[in-house]
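Engineer: Take a look at this one; I'll ask things after.
The values are calculated or read from the model by the stated rules, or taken from the named source; none is laboratory data. Everything numeric here is computed off the predicted structure, so don't read it as measured data. Cβ coordinates were reconstructed from backbone atoms using ideal geometry, including for glycine residues, and neighbour counts include every protein chain displayed.
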Amino acid sequence: MGSGFSPNALSHKVYVMKRDATGHPIVLVKGRKEKPLKHIVRYSPSGLEWGYGGSGPADLALSILSDAVGRDLADCYHQDFKWFFISRIPWDGGEITGSQIAAWLWERVCQEA
């Protein structure tokens, strides 16, 4: 499958989307350590977002997948990931587990093989 993708390596990660008191989006990666998700800016220089299909959600999808499985796979699959996961997250926020990402990505990669 290339790009170093290992479904088991994702099992400990959880991507948490929430908002601060002013409504500003916050995205954390919880795993062995908790850290803010690095924003990979491609479509939305103003920041990450979720709950619809725009540029902020596209950057969030790209950023999550890049963190989870590397940039190569993220570049290929982030738009589909945006529509399947990111666009459906309520305004208040939500979580995506590494296991969910691995299962979703495994289906897509295997279907193309």
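Engineer: Give all pairs with beta carbons closer than 6 Å in which a residue from segment 93-109 that is touching a residue at least 60 places away in the same chain (Cβ under 8 Å) meets a residue that is buried (at least 20 other Cβ atoms within 10 Å of the Cβ) and in a helix (DSSP H, G or I); count only pairs at least 6 apart in sequence or on separate chains.
Structural biologist: Within 6 Å, the pairs are G98/L10; I101/L10; I101/A68; A102/L10.
Engineer: Tally up the residues in segment 10-38 that are outside any strand (DSSP E or B) and touching a helix residue (DSSP H, G or I) at 6+ places or on another chain (Cβ under 9 Å), please.
Structural biologist: Summing the residues that are outside any strand (DSSP E or B) and touching a helix residue (DSSP H, G or I) at 6+ places or on another chain (Cβ under 9 Å) in segment 10-38 gives 7.
Engineer: Moving on. List the number of the failed condition for E112; all other conditions in (1) closer than 18 Å to S11 by Cβ; (2) modelled with pLDDT under 95; (3) among the acidic types (D, E) hold.
Structural biologist: (1)
Engineer: Can you tell me which residue is modelled with the lowest pLDDT among those in segment 25-35 that are surrounded by 10 or more Cβ atoms within 10 Å (Cβ to Cβ) and of a type outside the set (D, E)?
Structural biologist: Once the filter is applied, the top-ranked residue is G31.
Engineer: Keeping to segment 39-97, report how many residues are assigned to a helix (DSSP H, G or I), more than 20 Å from A9 (Cα to Cα), basic (K, R) and out of contact with any Pro (no Cβ under 7 Å at 6 or more places or on another chain).
Structural biologist: Here the count works out to 1.
Listed here are the residues, each with its yes/no results for (1) among the hydroxyl-bearing types (S, T, Y); (2) touching a residue at least 24 places away in the same chain (Cβ under 8 Å).
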site: G31; (1), (2): no, yes
site: L62; (1), (2): no, no
site: K82; (1), (2): no, yes
site: S87; (1), (2): yes, yes
site: Q111; (1), (2): no, no
